Structures are given as C-alpha cells and as structure tokens.
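Below is one structure, written out as structure tokens, with a few remarks after it.
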Amino acid sequence: MTKTVLIFWIIITSMSLFAQNEKELFYYYQGEKVYLKENNDKILVKFSRETDRSSFLKSLQTEPNYRISNSKKDVGYFVILEAQENISYYSKEQSLTNYQNHNNTSCANFMLDYKGKSQGLTDQFIVKLKPETSFHEFQNLVKENRCIIFNENKFVKNQFLVSVPRPSNISSLQFANLFYESGLFEFSEPNFYYINVFNSNDPLFNNQWTLKNTGQNGGLTGADIKVEKAWEITEGRPEIRIAVIDEGVDLTHPDLIENLVPGFDATGNNTAGGSLIGEFHGTACAGIIAAVKDNGIGVSGVAPKCALVPIHASFGDGQTSQWLADGLEWAWNPSLGNADVISNSWGGGPPTTVETNAVNNAVTQGRSGLGCIVLFSSGNDNSSSVSYPANLPNGIAVGASSKNDSRASYSNYGSALDVIAPGGDQNIYSTDIVGASGYSGNDYTSSFDGTSAACPHAAGVVGLMLSVNRCLTWQDAKAILELSCDKVSGSCYNTSSNHPNGTWNNQMGYGRINAYKAVKFAHSQNITSSNVGGNYIFANGGLQGIPVWVIINSSCPTVTGGTYRALRVKMFKDVTFSYSSAPSLVVSANGFSMGNPNNGTFWAEAINITNTTARLRTYFYRIESIATGQLIGWVPSDPFSGSGAKFNYSVIDNVTPNIFSQNEVVSSGTQNHKAINEILLGRNVTSSKPQGDYIVQGTANVTLKQVIKLLLNPEQLFLLHKAVHFMLLSNHFSPALNTQWEE
C-alpha cells in the first residue's frame, strides 16, 4: 500500500469514527429539540418477560467488554452494563450489536446524558393524538412502521404507549421523532428509563431529611427546605464563595475537596483553614453547605457547586474574640477570602467591639460594597433571646427546626430571630473527619444537630440565591430569605413594624427557609410585592354543607382545647399586576389550609394566574358550641378583627435553568449588546426582562452565558493527531506549516 493511499485510508477512517461519535441525538419537547449526548460507557439492556433472569444475567457476563453494574439491585427487566477500561469505540459498538442480537433481549442502547443526568432508551415511546387525528390514521402509521400499540393510558385519553419492532435498527428515540414529524401528534417522546430519579446519587442522600423529608424516622413529609426544586434552577456556582468560620475543615475529605479554596488560620497554627486533632464541627458545617453532589459518595450540600472558604478560628475547645473577628475580617477582604457569604455556627457570651466591627465591615465593605451576607446560629439555650452576635441587626439569626417543622426545643428565639432551618433531632447527616477520629468511625456523621446545623443550611440557600443574582445587596438577600419562608408549625404569624418582610412569629421568625422560593425570588428582575386583606365566602366544611366535628387543640391562644363544631370560611383576594407572560407568585397568609385545623398548618395559594391577575386564597375556622351554636372563637385568628385576614404575596418572573459564568464589568459610558437568552442579571440593565437586547449604563456587573464550542471529543482529537503526525512523518505536509488546534 502506497503512503498516499495509507494516509487517505487513515483520514477516511478517522472521519468515519467522528461521524459515529457525532450522532445528533434529540427528541421534541413542546415543539423544540432537546439534545442528548450518547454515553457509550453504559448500555441499558431490557430483557423479555419470559426470560429467566439469572440465566440471562449469566449469559451477559460472557461479553468481555462490559460488566453488570446493578446486578445487586431489584432492576425488574432492565440491566445496566458498564464498559471496562480502555475499550475502543469500535469494540463498544460491536458489544452493543451483540447485546441487541441476543435472543432474549427486547432492546439494548447506549445510555444518554442530559445536563449530567443519565437515562436509557427502552423499546417504547409515548404519543398523544391531536384532536383532529383519527385513530385510524394512527393505526396506519403504526402498521407502516411495524410498531405495536401497547396500550392507551388509563388516565389520559388518546395517549398511547407504542412498542418498537424487534429486531430493528431504529431506536425508540428515532421512532418518537418520526411520529412527531408526521404532524399527527401533540407530542411523541421516548419512554425513558431513569437510573436515578432523585436529584442526588450520593448514597446517604435519602437520609438527609433536611433536604428531602419523606417521613424518615417519624418525620413530617415535606418538612424540608425544598432544595430539589431549587436545584432545577441552580446548584450553585464556583464564583460564589461561602466562608465557614469554625474549627477548620478537613481539607482532605473526598466529598469536600473539589469545592475547597485556600483558607485561613486565625489561631496562628498554620492549618490554612484545616482542622486539628479533635476538631470536627467545621467539617460537618461545611458538608451541609457544599458537599459535592452526584459524585457517588456520601452526602450532598445545599449549594453543591459553590466554593467553600475554610477558616480556622477555634483551637481545641476555645476561641478568642480576636480569632473570631480576624476570621470575619479575612473572609470578606477581596484580596484574601473574598467571600460572598459567611456562615458562623457559633455565638454566645458578651458582645465585643472587635466582633461587631468585623460584622459591620463585612456587610458594608464586602462584595465591592454590596455587602457580605453574614449568618449566625441563634444559640442552643432554649432562651427567649437570640445569642450574640446573631442578634446584630445586619446579620441573619438562624434558629433550628425539627423534622416535624416545629421549633427545636433548645433553639433560642425572640425578637432578633430572623428564620429557622433544619437542625433538630440529632440525625442530620454530613461530612466528618476522614478516618476514625471524628464524630463517627467513618467519613460521615449521622448525629450532627443544633442551630450549628441550621445556620449552614441557610448559608447554602443564600449561596444559591447569589448564584442566580450576584447583584443582590446584603439587605436584598436578607429580605428575600425572609419573604420566601414557609409559615410552619401552626404558630401564629403576625405583622410587626419591627419585622417588615411579611408575617413573623416570636418562636419561628419569618418561618422555615424555602430554597426554591428564595432562588426564584432572587432571580427575578420584575417583582411586585404587597400585603393585602382578604374578602370572604362562608363555606361549611365537609360535603354538601355538613358541619365538621373536630377537637381543637390550637397553638394559637384564641380557643382552648375541646370538642366543637368548626365552620370553614374561605378568604380570598383578587390581585392585579402587569407582566408580559404569566408569572409565579410566592404567597403566604395568616390562615390555614382546608385540612383538619388541628394540623395547624399555615397555608395560602395562588390560582387562576394570568399575566395580569391572580386569586389568592386561604381558610379560617369559626369555632361554635355544638349545643347552642354560640361563637367560641376563631382558628387560627379572627379574620374580621384586628389585623384580620392578610396575604403577603410577591409576583415574580418565571425562572429557567441557567448556565451563566461570564462576567463583564462596565465602568462607564453606554454599551449596547445583542445577547438573546444570554443575560443573567445586572444593575442598570434597562431591559425589563433579563433576556434579549439590553443597554448597560454607568457602573454595572452583567453576567452572560458562557459559550464554549467543543469541536472534537478527546478520542477524536487523539485519532486526528495521530493521522496528522503520520502525514508529517511521510512528508505530505510541510513541517513548517503553522497548525493551530481548537479544542
């Protein structure tokens, strides 16, 4: 074979491999293409129902290139196979073909990745007929493509599950697209197989009731910070730095090391922010904030993609005011810690000027004058006054809630309390010192608790807020965290001139933090907020006006315990606003839900939302004597006297997930930009919406999407390098040729 022919063959082979790797994989979602990436390191195999499972699994082991990764789990009819190391793309394709041709295989396909999540293709896809499409047309299309109508959905009319033929070279993804492009269907999408339906693959995530409370250990389902919904918008950004002023952090912990940045030792022990022997507390706090998510080990932090700044300000069992103040000063300094958020799970003792000044400096000079957001734990003394320095007005005092959404019995409360966050019950999972010397005998603890655990939960939520809007001042961030709280525990929340951000309670502050609401609120450029009274409709509880008979043991002091007749009263308020599309509403009220008033759950909702109007509603209960019908009182309060029924609501732009990472600082003048769907937020951005064209005037910090174009994947690049290297050696290219590679 001549050199020229050999070179031509290498180029053609390389191009063929590129074509194999660059398959355009997508499906249609609401008329738009959603692109997927093939992951040929994993194969999803589905075997037929008639197959003996153990025999089938044994037969799969004869293929040397892949191993079974989920054989220890009850996987039904699905098996996930993982490639051995250093297997070529050609070998992977050959293995896939072998699996597809196996007698007992219903389908076999490479797994697909979407934004870091894996899903597999089954042998089925889902369609819904348009109103004008006849079933006969549908049948003909199915028959033409040798597919089978598996069944009609029992909940949705004209929605069908369709099976692809076997054998077939066309996947359910391709069939779904083919059917959609016929124009006969409202939608046509693959019936994906999800290997991880939860929002974290960390093995201890299911124990983290603070992030996802499913009733573990007797907890109240839903008594968590709603972080999974927040993660759909952002998991944090490495540009956002959260300082942990504590006993230091284990700098070698595998669940933290990826997010750790250089730290500081205020005690002079030169640990660079690391912990010493016997110091565990800071590592647990850091894990709650930003333990790495989806890395297959341990736990997940609230803001798992934010940076952690470890600060060692305690030595052994003691610390000094100066160490603590120095830690604060170092944290906010832009040339040192450059922190955005400072989490302090400590407090108590007399106030000191150095600590107070350090907090003042952080909130006035940090973040280029926007101010660091400084959070403190309220204290663990069951005291009616919040500990110093949490009681400083420019910080955020965080109390502890239990797994049942009540105040933890030890958590300090009182007029300086801002919010509560999960911290009670002694079963909070987090990172521990590596090895046997920490709280437990392994790298994780399951027994962390206290307001020390509550504070980092709130700090992580603030980190998520700043990840979608770096332009928030510390006042903005504090107000948003407070406005977005859930009114939990059945306590009475009331308006107060000293607490302007919605209704407040002496035991619970503004309520338990809600990450999802906070992130939505923080992202919005267009916010309409108000506090309004309600109209009402009398409505007897139960069916067809039958009274509800309940035993009232209300935590609000309006009614003593007893058996009464309770008549439900619906309170509502119609509100107006002006948005270009239907927005989201964050709503709270001083009323209860339609459930049993004994549950004591404050509740409100927005319904009938358009781009200009919505209706807010909640419920109150008129408590009457069974014998005489005489009014005994109201639960949770009288909606017609005093402050009456009140709604707090905020109308905000809807949020889409962001991939923003490029900052541009405009120091003066005016700049015009064409940036369709590329704007995050920025001060002095004159467009009313953070998408489309915009104009920046004066000093501003505007965050744009980062655009990265990856021309070749590493395997392709390696092959192309080899081909060109061969050509250079063969003198078919001049060695003097100036070649530049774009990766």
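To the nearest 0.05, what FRET efficiency results for residue 217 and residue 261 with a Förster distance of 41 Å applied to their C-beta separation?
With R0 = 41 Å, the Cβ-Cβ based efficiency is 0.75.
For the pair residue 353 and residue 560, how long in nm is the line joining their label points, each one 7 Å along Cα→Cβ?
Taking the simple label geometry, residue 353 and residue 560 are separated by 5.5 nm.
Can you tally the net charge around residue 186? Count Lys and Arg as +1, Asp and Glu as -1, for every other residue whose Cβ sits under 9 Å from the Cβ of residue 186.
+2
Can you pull the percent of the stretch 235-331's accessible area that's carbon plus sulfur, 1.4 Å probe, other chains left in place?
Carbon with sulfur: 55 percent of the solvent-accessible area.
Report the FRET efficiency, 1/(1 + (r/R0)^6), for residue 57 and residue 582, where r is their Cβ-Cβ distance and R0 is 45 Å, rounded to 0.05.
Efficiency for this residue pair is about 0.35.
Compute the label zone of residue 50 within the stretch 95-115: residues whose backbone N is under 11 Å from the point 7 Å along Cα-to-Cβ.
Of the residues in the stretch 95-115, 104 have backbone N under 11 Å from the label point off residue 50.
What distance in nm lies between label points placed 7 Å from Cα along the C-beta direction at residue 37 and residue 593?
It works out to 4.0 nm between the two label points.
How much net charge surrounds residue 409 when only the other residues with a Cβ under 12 Å from the Cβ of residue 409 are counted, with Lys and Arg +1 and Asp and Glu -1?
Net charge in that neighbourhood comes out at -2.
Please state, to two decimals, what the Cα-based radius of gyration of the stretch 598-637 comes to when divided by 2.2 N^0.38 Å (N = residues).
1.70
Ordering 594, 465 by accessible area with a probe of 1.4 Å, largest first, what comes out? Working shown, then result.
Details: 594 100, 465 0 Å².
I get 594, 465, largest accessible area first.
Rounded to the nearest 10 Å², what accessible area does residue 565 show when all protein chains are kept and the probe is 1.4 Å?
Roll a 1.4 Å probe over it and residue 565 shows about 60 Å².
Please arrange 271, 610, 576 by accessible surface area, largest first, computed with a 1.4 Å probe and ligands excluded.
Output order, biggest surface exposure first: 576, 610, 271.
Can you give the accessible area of residue 470 in Å² (nearest 10), computed on protein heavy atoms with a 1.4 Å probe?
Residue 470 has an accessible surface of roughly 80 Å² with all protein chains in place.
Rolling a 1.4 Å sphere over the protein heavy atoms, what is the accessible area per residue of the stretch 248-288, to the nearest Å²?
Here the per-residue accessible area is 37 Å².
If you take the square roots of the eigenvalues of the alpha-carbon gyration tensor of the stretch 72-193 and sort them as a ≥ b ≥ c, do you get rounded (a/c under 1.5), prolate (a/b over b/c) or oblate?
Judged from the Cα gyration tensor, the stretch 72-193 comes out prolate (a/c at least 1.5, a/b above b/c).
Could you run the Karplus curve 6.51 cos²θ - 1.76 cosθ + 1.60 with θ = phi - 60° over the stretch 217-231 and give me ³J(HN,Hα) per residue in whole Hz, x for Gly and Pro?
6, x, x, 8, 4, x, 7, 9, 8, 6, 6, 4, 5, 5, 5
How big is the antiparallel share of DSSP beta bridges in the stretch 388-448, given as a percent to the nearest 5?
Taking every DSSP beta bridge within the stretch 388-448, about 50 percent pair in antiparallel fashion.
Using the Cβ atoms and a cut-off under 12 Å, what net charge is assigned to the surroundings of residue 372, where Lys and Arg are +1 and Asp and Glu are -1?
Summing Lys/Arg as +1 and Asp/Glu as -1 gives +1.
Which residues' amide hydrogens lie under 5 Å from the amide hydrogen of residue 590, considering only partners 5 or more residues apart or on another chain, with H built in the peptide plane?
646
Given +1 on the Cβ of Lys and Arg, -1 on the Cβ of Asp and Glu, and no further charges, what dipole in debye does the stretch 279-415 carry about its Cα centre, rounded to the nearest 20?
360 debye
The values are calculated or read from the model by the stated rules, or taken from the named source; none is laboratory data. Fair warning: this is a prediction, and the values are worked out from it, not measured in the lab. Virtual Cβ from ideal backbone geometry, glycine too; neighbours counted across all protein chains shown. These accessible areas exclude ligands, DNA and RNA; they are computed on the full protein's heavy atoms, side chains included. Shrake-Rupley method; radii C 1.70, N 1.55, O 1.52, S 1.80 Å.
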